[in-house]
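The next block holds one structure in the form of structure tokens; read it before the comments.
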Amino acid sequence: MKSLPILVVGGGISGVTAAVEAAEVGAEVILIEKEPSLGGRVAQLRYYFPKLCPPTCGLEINYRRIKTNPRIKVYTMAEVTEISGEPGNYKVKINIKPRYVNDNCTACGECEKVCEGERVSEFDFGLRKTKAIYLPYPMAFPMKYVLDKEALAEGDLERIMSACKYNAIDPDMKEETLELEVGAIIWATGWKPYDATKLDNLGYGKYVNVITNMQMERLASPWGPTGGKILRPSDQTPPKKVAFVQCAGSRDENHLPYCSYICCLASLKHSWYLAEQDPETESYIFYIDLRTPGRYEKFYKRVEKEARIHLIKGKVAKIEEDSETKDLIVTAEDILSGKRVNERVNMVVLALGMQPSIAGMNISGLKVDENGFVISENGIIACGCAKMPLDVMSSNETATGAALKAIQIIKLFKS
Amino acid sequence: MEKIGVFICTSCDIGKRLDIAELENVAKEQGATSVYSREFLCSKEGRAFIEEKIKQDGLDAVSICACSQRVNYDVFDFENVAVDRASLREGVVWSRFPVGEEGNILEDTAEYVEGVSFKDELMALAKDYVRMSVAKLQSYKFPEPFKPEEEISKTILVIGGGVAGLTAAIESANAGFEVVLVEKEKELGGFVAKMKAHCEVKHPYKNLVPPIVNDLISQVENNEKIKVYKGATIANISGMPGLFNVKINVGGKEEEVKIGAIVLAAGFKPYDASKLTDLGYGNIKNVVTNVQFEEMAKNGKLVRPSDGAPIKSVLFIQCAGQRDENHLPYCSGYCCVASLKQAKYIREANPEAKVFIIYDHMRTMGIYENFYKTLQDDPGVFLTKGKVVEVSEGEDGKVKVIVEETLLGEKLEMNVDLVVLAIGMVPVTAEEPVLNLEYRQGPGLPPDELELFYGYADSNYVCFPYETRRTGIYAAGAIHQPMTIAQAIEDARGAALKAIQCLVAIEEGHAVHPRTWDYAYPEFDLKMCTQCKRCTEECPFGALNEDEKGNPLPNITRCRRCGTCFGACPQRIINFKDYSIDMVGNMIRATEMPEQGYGLYRLMAFVCENDALPALDMAAYQKKPIPVTFRIIPVRCLGAVNVSFVKDAMSKGYDGILLLGCKYGENYQCHFIKGSELANRRMENVAETLQQLALEQERVTLHTVAIDEIEEAVKKMNEFNEEIKGFDENPFKGW
């Protein structure tokens, strides 16, 4: 009997890696992603660390591996609602949201030109708007538009439908449910930034110049809302002095009890972005422990050399805004000197922790821990940040390892 | 290919801006046997139309003159038919616009130079693309999978019997593969076997458990598929993936085994503590390393080494000989959790005992914060950031430790029964080649690869953690990166998967990462070889050995198909079935060159398809204009650009040539390690060629862009176009 396919849930770097690695040993793979494009969090980053290179470079190769491998089938806008069965033989219900754009789309962009309605871009964490019909990002996979019907302005539908020469817009598309039979499931749904508005004392949502670390990535991205210029939101000027609040939500019993692994490195990387833009920019990093494990120590040293960073061991107590200049005053205790620090800065970046994307959701048949991280069990294998907080490299190690467990479960090579 | 069909799509502005009938004629002139144009080629109907014509006309190759090779890959895929894609959409109508003086876009009919409209130039470009595509298919041969004559081995060799090696062996065997496990020590288990306990490797990640390797060892020893060599080392490895001959030295005797792929899990050595005399090691008996302390705990001997007195107080010095330019510059990643664990041993053995942990940064990464918390609540464990400035003999056999810059803001003097140095890991690859490869480029992993991360067998690709420069050899565990036990287990599974994947690729006859889809491979016509050794020296993956005369001896299953050898060869004797010197030469010669005095220049660009080409495609989606003068030939890597391309283009009359590749240097992005860097080095040879042709050196330039630098890619092309205007016409035009 032929092995059943492996289902990979989540099309970020872990899911894409698990899918291609499994397919390249010969397994049939179904890869599902809830967003309209693959790529996940890494597609939103400007650079990785410790090598300062754009994640889309690796995605391009991985997308090519998907395109050239007939064993991988991709569904976007798809989510798992229910799992039943046992290792080697699972039944999984998948809900597919309507894209309202069919496979005829050639990404010619004529629809976007005539569309007037706009929507807030989640990809850019609210830092800009897109048209109601939009391409998820310049290197989207699949390279197809998607329509947010709610955001259409009056008359938009007629306009975009007549602009499309390929009959690609289908406003009557319906939500679909698929039932898949799969042998093993790799769970790679990744993470989401912790809700910053829950951190009352840090002023997010209240003060316009308090942003999150992921918003910082979008500002630095050449495809981002500012074309890669890091500008503070209040007046669109480049900040000269920026404070980073580490462990914003992490290592805190009231929020996320664990360490989110990447935030120290991300803030160091952001300090480097600022120095690249203007070597005079000062970064103040408020931390508890600076966690740059293993070879990342080299990156820490590099940033120390190439950027003006000030490290202050201490937890930020509060952030206040100077209502006139929109500068921010960060108050913390410097634990080493025992002194209270009041630092006036132009912008604050919250090093928000990662929360499992599925935290708070209840997926029948999936075992999770108290924080929402997925616990591998039987034929369901968790990897990447759905499993625990990890960096990209270790995520991919777990994703490749998950592919191995999956081919064992589906008995791809019968001994 | 003989029966070539050309299919021209008229959608997405192609039909609007181009004269399709003219393009059809050009395709026929170039030798296409069938030529069709149709709207919306990528639709179901479009595809069915092509399929029907393939059958009807008996085509063996098709040129799809439509969108970029990067999109609709699956749509334009036909069984047993060669496919080439001429990018009329991204490459022509979406990227070439007449730009007015104020940057405004003009009508195509606008006069470009006297007597020539922009449309004329746009058509000249589109025609060249159609011609090049047909010429390419004319030179194209179907790749045939590489099948070695000998029978391939599908046995996996695992070097190292610690937690990573044991896991790799078990997981490979459980997937259905035979395994040979070689362990240097007399017993399996590595470092973990010497532990009393460790932090659990699964949820909730906060309890101590007995060493997991006990169970792994019994699984290995009871598994029929795993053959274990203990007290054994690798004497020599020759051959190539699928066909490795491995000589194993077992107690002075040599055994030879046939191996398919290798997992390198030889682990680490603890840092040499004798170099830490300033922390009292070697001089003070009651100063021990964390490795020694683990042994003491395992043997139940928590007493002072000096006099056997019970230990009532212990001080841990974190980062001992680590994160220090004089010792190990990196962090070993495991020692914070290890010291916390050892603190727990002491507290459990004697609830009255006091533990002090002096750290710089407490690094209990991610979920291991759970374990840290279990110790934070213990009043007998005192944790502080601080700097140890002095370790000396104290009274009554105690060790005196002076710590500064503590959280208490004062200098502390402590007298404890024992000091434990949290020393780091040194990967064994930092000191010995381990593999003992019989490769022309040396017995171990390439030194410049090892140097990237302090001797670790690590990858420089964040996305691709298993990419070493020796195909079929995948590192796992503490030889790969500094890591914890839980991570080593995950890592070993991943490495096992990669080893299995390599065997599957060899069996199917295609390449491994990154060109897994590629069935073609370099073929060497050695009759013309001058033994210059450029190919054997430059191959990033050590695929080529040499005979005694200096001829290359290819080992195809080591090859990643980057084409570096192809680019290096001055004799042009290395070719792929689907990518050859003749093919690119014919493509260049197929283009049309205006006569001298035409007034407009023609430029050629060889563009890396991994980074620069996607960047240009994205620029096209945003309708950012690049000069209409450029003819672009996508290449697999700039390393695969042979000087002959430059010669051919210059002889044809091209006024300038741009090589556009990925960034090299510290943050290099080349999927083949150093293709663009090599191409840059070869610019010397290019200069020589230009000199022979009596042409200015500046006519050939190399630029690098990252995939996300859309604007930059466009800017570089425009700048080069302007620069070339400063030179006279290439005098070879019209020859």
Q) Looking at region B:274-291, which of the residues that are under 27 Å from B:V209 (Cβ atoms) and not polar (S, T, N, Q) is farthest from the chain's Cα centre (by Cα)? A) B:V288
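To keep it simple, each residue is scored yes or no on (1) at pLDDT 95 or above; (2) at the interface with chain B (Cβ under 7 Å from one of its Cβ atoms); (3) part of a loop (DSSP other than H, G, I, E, B).
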| position | (1), (2), (3) |
| --- | --- |
| A:I381 | yes, no, no |
| A:M388 | yes, yes, yes |
| A:E397 | yes, yes, no |
| A:G401 | yes, yes, no |
| A:L404 | yes, yes, no |
| A:I407 | yes, yes, no |
| A:L412 | yes, no, yes |
| A:S415 | no, yes, yes |
Q: Could you please find all residues in region A:316-361 being within 15 Å of A:V245 (Cβ to Cβ), assigned to a strand (DSSP E or B) and within 14 Å of another protein chain (Cβ to nearest Cβ)?
A: A:E333, A:D334
Q. Going by the conditions given, is B:E294 modelled with pLDDT of 95 or more, away from chain A (no Cβ under 14 Å), assigned to a helix (DSSP H, G or I) and over 36 Å from the mean Cα position of the chain (by Cα)?
A. yes
Q) Given (1) touching a Phe, Trp or Tyr at 6+ places or on another chain (Cβ under 8 Å); (2) of a type outside the set (A, V, I, L, M, F, W, C); (3) within 14 Å of chain B (Cβ to nearest Cβ); (4) crowded, with 21+ Cβ neighbours inside 10 Å, where does A:S283 come up short, assuming only one miss? A) (3)
Q: Output the residue which, of all residues in region B:513-536 that are touching a residue at least 60 places away in the same chain (Cβ under 8 Å) and of a type outside the set (G, A, S), is surrounded by the fewest Cβ atoms within 10 Å (Cβ to Cβ).
A: B:Y519
Q. When you go through B:K194, B:K141, B:K147, B:K227 one by one, which is the residue that is away from every other protein chain (no Cβ under 14 Å), in contact with a strand residue (DSSP E or B) (Cβ under 7 Å, 6 or more places away or on another chain) and either at negative phi or at pLDDT 95 or above (or both)?
A. B:K227
Q: Determine whether A:K93 is of a type in the set (D, E, K, R) and either outside any helix (DSSP H, G or I) or surrounded by 18 or more Cβ atoms within 10 Å (Cβ to Cβ) (or both).
A: yes
Q. Going through region B:234-248 one residue at a time, which ones are crowded, with 17+ Cβ neighbours inside 10 Å and over 28 Å from the mean Cα position of the chain (by Cα)?
A. B:I248
**Q.** Cβ-Cβ under 6 Å pairs, at least 6 apart or on other chains, region A:19-39 side in contact (Cβ under 8 Å) with a residue 60 or more places away in the chain and more than 14 Å from chain B (Cβ to nearest Cβ), far side assigned to a loop (DSSP other than H, G, I, E, B) and surrounded by fewer than 24 Cβ atoms within 10 Å (Cβ to Cβ)
**A.** A:I30/A:P5; A:P36/A:T76; A:P36/A:M77; A:P36/A:P136
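Inspect all residues belonging to region A:266-278 and state whether any of them is of a type outside the set (F, W, Y), over 18 Å from A:Y48 (Cα atoms) and out of contact with any helix residue (DSSP H, G or I) (no Cβ under 8 Å at 6 or more places or on another chain).
Looking for residues that are of a type outside the set (F, W, Y), over 18 Å from A:Y48 (Cα atoms) and out of contact with any helix residue (DSSP H, G or I) (no Cβ under 8 Å at 6 or more places or on another chain), one finds at least one in region A:266-278, hence yes.
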Q | Given (1) outside the structural domain of A:A23 (by TED's automatic domain parsing); (2) of a type outside the set (S, T, N, Q); (3) modelled with pLDDT of 95 or more, index of the condition A:D200 fails | A | (3)
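Can you spot a residue in region B:388-406 that is within 14 Å of chain A (Cβ to nearest Cβ), among the hydroxyl-bearing types (S, T, Y) and over 42 Å from the mean Cα position of the chain (by Cα)?
yes
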Q | Only one of A:D200, A:D252, A:D235 that is without any contact (Cβ under 8 Å) to a residue 40 or more places away in the chain and either crowded, with 22+ Cβ neighbours inside 10 Å or more than 14 Å from chain B (Cβ to nearest Cβ) (or both) | A | A:D200
Q | Subset of region B:405-436 that is in the same structural domain as B:S339 (by TED's automatic domain parsing) and of a type in the set (D, E, K, R) - its residue that is surrounded by the most Cβ atoms within 10 Å (Cβ to Cβ) | A | B:D417
Q) Looking at (1) within 27 Å of B:Y579 (Cβ to Cβ); (2) free of Cβ contacts under 8 Å to residues at least 60 places away in the same chain; (3) surrounded by fewer than 22 Cβ atoms within 10 Å (Cβ to Cβ), can you tell me which one B:A82 breaks? A) (2)
**Q.** Where A:S260 falls short, out of the listed (1) surrounded by 24 or more Cβ atoms within 10 Å (Cβ to Cβ); (2) under 24 Å from the mean Cα position of the chain (by Cα); (3) more than 9 Å from chain B (Cβ to nearest Cβ)
**A.** (3)
Q. Of B:V116, B:V130, which residue is over 22 Å from B:D617 (Cβ atoms) and aliphatic (A, V, I, L, M)?
A. B:V116
Q) Quick one: what pairs do we get from region B:305-320, first residue under 18 Å from B:Y345 (Cα atoms), second polar (S, T, N, Q) and in a loop (DSSP other than H, G, I, E, B), C-beta under 8 Å, 6+ apart or different chains? A) B:P305/B:N286; B:P310/B:N350; B:I311/B:N350; B:K312/B:N350
**Q.** Residue among A:V368, A:V316, A:V330 that alone is free of Cβ contacts under 8 Å to residues at least 24 places away in the same chain and under 28 Å from the mean Cα position of the chain (by Cα)
**A.** A:V368
Q: Please enumerate the residues belonging to region A:129-146 that are over 18 Å from A:P222 (Cβ atoms) and part of a loop (DSSP other than H, G, I, E, B).
A: A:A132, A:F141, A:P142, A:M143, A:K144, A:Y145
Q) Hey, B:E432 hits all of (1) more than 13 Å from every other protein chain (Cβ to nearest Cβ); (2) more than 20 Å from the chain's Cα centre (by Cα); (3) within 29 Å of A:V16 (Cβ to Cβ) but one; which does it fall short on? A) (3)
**Q.** Complete set of residues in region B:458-488 that are within 12 Å of chain A (Cβ to nearest Cβ) and among the small types (G, A, S)
**A.** B:S459, B:A475, B:A476, B:G477, B:A478, B:A486, B:A488
Q) Can you pull out the residues in region B:447-457 that are in a helix (DSSP H, G or I) and either within 9 Å of another protein chain (Cβ to nearest Cβ) or in contact with a strand residue (DSSP E or B) (Cβ under 6 Å, 6 or more places away or on another chain) (or both)? A) B:L452, B:F453
Q.
Residues that are within 14 Å of chain A (Cβ to nearest Cβ) and in contact with a helix residue (DSSP H, G or I) (Cβ under 9 Å, 6 or more places away or on another chain), at least 3 per element: which helices (runs of 4 or more DSSP H) completely within region B:647-735 meet that?
A. B:710-724
Q. Among B:K285, B:K301, which is modelled with pLDDT under 95 and either in a loop (DSSP other than H, G, I, E, B) or within 22 Å of B:E393 (Cα to Cα) (or both)?
A. B:K301
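The values are calculated or read from the model by the stated rules, or taken from the named source; none is laboratory data. Here the structure is a predicted model, which means the values were calculated and not measured. Glycine also receives a Cβ, built like all others from the backbone with ideal geometry; neighbour counts cover every protein chain displayed.
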